[in-house]
2 protein chains.
Amino acid sequence: MLQIVGTAAGSAAMLHAMSVMGHAQGSTYSGPIKLDGAPEGTKVLVLGAGLAGLTAALELRAAGYEVEVLEFREKAGGRCWTLHSGDSYTELGGETQNVDFAEGNYLNPGPWRIPHYHHAILDYCRRLGVQLEPFIQKNYNTYLHRQDAFGGKPVRFKEIATDHRGHTSELLAKAVDQGKLDDMVTADDREALLESLKTVGVLNEKYEYVESLDTAYYRGYSKTPGGGLDAAPEPTAPIDLSTILDSRLWTWLATHESLNHQLTMFQPVGGMDQIARGFEREVGDLITYNAKVLSLQQDEDGVTVTWEDTGGGGQQTSTADYCVCTIPFSILGQIDHNLSGELSSVIDSMFYNGSVKWGLEFNRRFWEEDEHIYGGVSYTDLPITQISYPSTGYLSGGPAVLLGGYTWRGPNSFEFNAMTPQERLEVALEYGSRIHPQYRDEFKTGVSVSWHKVPWVLGCSGIWQDKDRDYEAAAKIDRRVVCAGEHISYLPAWQEGAILSSLDAITRLHDKIKNG
Amino acid sequence: MLQIVGTAAGSAAMLHAMSVMGHAQGSTYSGPIKLDGAPEGTKVLVLGAGLAGLTAALELRAAGYEVEVLEFREKAGGRCWTLHSGDSYTELGGETQNVDFAEGNYLNPGPWRIPHYHHAILDYCRRLGVQLEPFIQKNYNTYLHRQDAFGGKPVRFKEIATDHRGHTSELLAKAVDQGKLDDMVTADDREALLESLKTVGVLNEKYEYVESLDTAYYRGYSKTPGGGLDAAPEPTAPIDLSTILDSRLWTWLATHESLNHQLTMFQPVGGMDQIARGFEREVGDLITYNAKVLSLQQDEDGVTVTWEDTGGGGQQTSTADYCVCTIPFSILGQIDHNLSGELSSVIDSMFYNGSVKWGLEFNRRFWEEDEHIYGGVSYTDLPITQISYPSTGYLSGGPAVLLGGYTWRGPNSFEFNAMTPQERLEVALEYGSRIHPQYRDEFKTGVSVSWHKVPWVLGCSGIWQDKDRDYEAAAKIDRRVVCAGEHISYLPAWQEGAILSSLDAITRLHDKIKNG
């Protein structure tokens, strides 16, 4: 019935009916899964203790399975990872960085924020007692910056956003008012359209977007309202439309509006790895750490995994009836396995995205103290692409860490990847100081992670050569093995994708085990 | 020189020069004031221990003055006030409400949020060690609601915002593309304008705003992206423009964009009164509580204030050389005083705004659990005008308090004012349940404050009959007395206005004392 309703496109009443019925805006996650009735003595081996593996371990044990988890690293979490003060990290090639942040400061090299509609991970945070705080994504007082715009000086987001909205509203309102759009706008809609443009665009009675206290209330005052004598506010002049358009700073105006970035967003208090710590409290006893998988073989009787205890315990073997393999395909492709040819070719064809993140610690929060920026992200066309300010500890004294850059795909990641950590740091400081001149005076210490050099994943997230063609082969159960992780999801590089992928995989595996 | 630059309107380069020079976007507050060299033995009497009075006490004592503060209530803060679990409050007329919230829950009946550009109060929070957390003002997942739109059912903010932006961008882009605006848009601007509209409005290659995974990424999916098999997302159909316009839900689209509501905003952890508690830690020893001022007289020798110790200590007299009077004009007008005729007539002509706020406690966070709303504000044309969800304790179990309504001026405040607390509660539940049907099942307890019935201020904030005419008379020093508070500011009803008013008043008073 709803499909029929849905095809009556444009019918708001029908859409609304769907919404009321709870079907529109649906989520893939509708609460904790309940798997039960695992056949007595059935064992599942989980490879990898990232969020997909941890989820599988937690839910399969709850269903009654015997569960063993093998994890390459000395702790759980995988890319759900936080570099804390006192940590050290050795990247591929052997360069080691010692994290010299002040106590309590950290960098999330991987995921760093949780969208509000990522219901599964939010629910696991709740169940695991992981305390969340808002991640400030959109902050109107951050900067937009291009090297060739405004003489290379950053401009506040609120100015570009307000002025672009105001000028385009003015154009449309005037065109409508002058009758130029009479073939596109019905007479019935005309008045409300004009009124809405006046409201949204902050236009005056003549549909003009001009310098006034009204527009200053959105784009900023030259003198803010005060108290006592001489306290009246003064407006600023909008930037004219041609300058706004020519600056191309509008390219970032929709970034914060997407579902993945819409407020409210969250981060765990104390670092993203608090989620991994929460899982470890529940299933840490199932995990063997420092276990490097060498071989994954399955036959009609079961699954056999050979692994090396990198802590010095030599070669070991684990067997199970079934296996949930969350090892990234970048690594799995290098492991001896007898997975089907179809799955093998998908594993071999997936490449992994590069990404680089910097955590830079400064002696003081100059972005708050000097520039009144509390959390949020400044965007730039410099290779660092963005600077994000900490969404915690606002107005506190002492050193603080900002995200000094976050490259995402593209050639920049490869260039940074070729650098030593010290070189990467220097470049981030050089670029960042063009936006914040305080950088050089206030810099204390820093760390960077180039994901292509992270030994246990060799990249940031899986990229498909042909997702439509290959996805099902990767997701479906291969005899006794099912793969899961962010790479087998439609939310790649998000923790939610890893968890949903795992929940789906273990649900199907459980069903197969029970029902054949 | 800058004035000359400023008149070259539209010159972005010049504007930018101003911005770089630090003059644009200027604040009235540029850091802690330093008053020093108070003449030996000079005493200032401060009337009222709201934020204006507390600021005056703190800074005047630091300058070397002898300071005495008289406060009507049993604690400091004035309208910087929080009703905590276990508090009781008696309104004018004698009705007492006992606040039966669960431990730790609270309502801020007065100010409840701090904008990022309110530099003075943020700086006092920093100096006083008041811990802040983000106040979520804009949340794309909250509701917009009108009784006569969509059959009286609420619609998510993200849908109205995305669709209005998309449809208006489509209209403008098509008009530009068809050459209809050639007299308004230069050939140079044309391409960038079209491209910017495509980006901001999420239009397709033909400049259409249509159902697609692209638009769903902003307005919401019918099936969100998942993991594993059957995980591909599905789009929603946009609501058509006529329906959006007709609904008038767009009237709230600019609300969150104003400087007073732009992200990042803050609230003190644990309630707004933590600011008052911070001041009390510093100047509590200067304050006499339960002191009801009866008379304020000044002559050439000094200031004499007669007051009643409402704790039973009888009538008392305090004298000083000067006085900072932060008593709201609604109260001051009822006190015997010999202020100048000019000031007296301003005092008598100011009326005070009504406002009503409700704190409703529910057994669980159904807005989070059922509707995935974490903080933020839903707007409605019902008399409660808005519902705001707590910006703290996300995803926690146990009872939680939401702001069940916040009326602001207008006839609704008068109607609610005439009700008993129990009647007000019932009305808020009735209205709120039209937006959240869970209200009746989950309601636990509630409290409301109607500001016209608050005995010590008789209103929410001062309203001028003619601000341009009267403001200077209210702000300037009247022989030995200077008045201060939110009412004598260009940020009325905001704590920042009270503090800035006070800082300006005491700076002028100090100057007068030192330099005559």
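Quick notes
- Value of [θ]222 nm, deg cm²/dmol, for chain A, DSSP H segments ≥ 4, -39500 (n - 2.57) each, nearest 500: -9500 deg cm²/dmol
- Taking amide H atoms as placed 1.01 Å from N in the peptide plane, the amide H of B:Val293 lies under 5 Å from those of B:Glu308, each 5 or more residues away in sequence or on another chain.
- For the protein assembly as shown, fraction of C-alpha pairs farther apart than 57 Å, in %: 17 percent
- About the Cα centre, charge dipole magnitude for chain B (Lys/Arg +1, Asp/Glu -1 at Cβ), debye: 260 debye
- The share of C-alpha pairs in the stretch B:155-247 whose separation exceeds 21 Å stands at 39 percent.
- Accessible surface ranking that places the most exposed of B:Phe157, B:Phe72, B:Phe150 first, with a 1.4 angstrom probe: B:Phe72, B:Phe150, B:Phe157
- Percent accessible area from carbon and sulfur atoms, the stretch B:99-216, protein chains only, probe 1.4 Å: 42 percent
- Relative contact order %, the stretch A:156-240, counting alpha carbon pairs below 8 Å whose residues are six or more apart: 32 percent
- Charge dipole (the protein assembly as shown, unit charges on Cβ, about Cα centre) - positive-most of B:Thr28, A:Leu296, B:Tyr221: A:Leu296
- Comparing B:His116, A:Val200, A:Gly446 along the charge dipole axis of the protein assembly as shown, the residue lying farthest to the positive side is A:Gly446, per the Cβ-charge model.
- Solvent-accessible area buried by A and B, counting both chains, probe 1.4 angstrom, square angstrom: 9300 Å²
- Restricting the GluC sites (Glu not before Pro) of the stretch B:31-88 to loop positions (DSSP other than H, G, I, E, B) with no more than 10 neighbouring Cβ atoms within 10 Å leaves B:Glu40, B:Glu74.
- Shortest-first distances to equivalent copies, position B:Gly398, nm, label 7 Å out along Cβ: 2.7
- Legend: residue pairs A:Lys467/B:Lys223; A:Lys223/B:Lys138; A:Lys75/A:Lys467; A:Lys158/A:Lys223; A:Lys292/A:Lys512, Cα-Cα distance threshold 21 Å; pairs beyond threshold, A:Lys223/B:Lys138; A:Lys75/A:Lys467; A:Lys292/A:Lys512.
- Kirkwood Rh, angstrom, the stretch B:85-180 [1 / mean 1/r, Cα pairs]: 18.8 Å
- Evaluated with a Cβ-only charge set (Lys, Arg +1; Asp, Glu -1), the stretch A:149-295 carries a dipole of roughly 700 debye about its Cα centre, given to the nearest 20.
- Members of the stretch A:207-244 that become less accessible by 40 Å² or more once partner protein chains are added (1.4 angstrom probe, chain alone as reference): A:Tyr217, A:Tyr218, A:Tyr221, A:Ser222, A:Thr224, A:Pro225, A:Gly226, A:Gly227, A:Gly228, A:Leu229, A:Ala237
- Whole-Hz ³J(HN,Hα) from phi, Karplus 6.51 cos²θ - 1.76 cosθ + 1.60, for the stretch B:414-420, glycine and proline x: 5, 4, 5, 4, 6, 8, 6
- Note on the stretch B:24-64: along the principal axes its Cα atoms extend 42, 25, 10 Å, ordered by decreasing extent.
- Distances between equivalent label points of B:Ser345 across the copies, with each point positioned 7 Å along Cα→Cβ, amount to 9.4 nm, shortest listed first.
- For the stretch A:468-501, residues shielded by at least 50 square angstrom of accessible area compared with the chain on its own, probe 1.4 Å: A:Tyr490
- Copies compared at A:Glu205 - label distances in nm, ascending, label defined 7 Å from Cα in the Cβ direction: 4.7
- Hull volume per residue, based on the alpha-carbon atoms of the stretch B:211-344 and their convex hull, is 270 Å³.
- Here the stretch B:378-452 has an Rg and Dmax of 12.6, 37 Å, counting Cα atoms alone.
- In this Cβ point-charge picture (+1 for Lys and Arg, -1 for Asp and Glu), the stretch B:287-416 has a dipole of about 480 debye about its Cα centre.
- The residues of the protein assembly as shown expose, per residue, 36 Å² of accessible area to a 1.4 Å probe.
- Net charge in the neighbourhood of A:Glu68 (other residues with Cβ under 13 Å of its Cβ; Lys, Arg +1, Asp, Glu -1) is -2.
- Kirkwood Rh in Å, taken over all unlike Cα pairs in chain B: 25.7 Å
- Distances between placed amide hydrogens fall under 5 Å for B:Gln386 paired with B:Thr380, B:Tyr406, all partners being 5 or more residues away or on another chain.
- At least 40 Å² of accessible area lost relative to the chain alone, listed for the stretch A:186-205 with a 1.4 Å probe: A:Asp189, A:Ala192, A:Leu193, A:Glu195, A:Ser196, A:Thr199, A:Val200
- Here the Karplus relation 6.51 cos²θ - 1.76 cosθ + 1.60, evaluated at θ = phi - 60°, turns the backbone of the stretch B:133-144 into coupling constants of 9, x, 8, 7, 8, 9, 9, 5, 9, 6, 9, 10 Hz, with x for every Gly and Pro.
- Measuring with a 1.4 angstrom probe and ignoring ligands and nucleic acids, A:Asp240 comes out at about 40 Å² accessible.
- Label-point gap, in nm, between B:Ser88 and A:Asn515 - each point 7 angstrom along Cα→Cβ: 6.2 nm
- Taking amide H atoms as placed 1.01 Å from N in the peptide plane, the amide H of A:Phe351 lies under 5 Å from those of A:Ile463, A:Gln465, each 5 or more residues away in sequence or on another chain.
- Exposed trypsin sites (Lys or Arg not before Pro) absent: longest stretch of chain A, with sites in DSSP loops and at most 14 other Cβ within 10 Å deemed exposed: A:207-408
- Working note: Karplus 6.51/-1.76/1.60 with θ = phi - 60° gives the stretch B:388-393 the couplings 10, 9, x, 8, 7, x Hz, where Gly and Pro are set to x.
- Among B:Asn417, B:Gln131, B:Gly405 the positive-end extreme of the charge dipole of chain B (Cβ point charges): B:Gln131
The values are calculated or read from the model by the stated rules, or taken from the named source; none is laboratory data. All values reported here derive from a predicted model rather than from experimental measurement. Positions of Cβ are backbone-derived with ideal geometry, glycine not excepted, and every protein chain shown enters the neighbour counts. These accessible areas exclude ligands, DNA and RNA; they are computed on the full protein's heavy atoms, side chains included. Shrake-Rupley method; radii C 1.70, N 1.55, O 1.52, S 1.80 Å.
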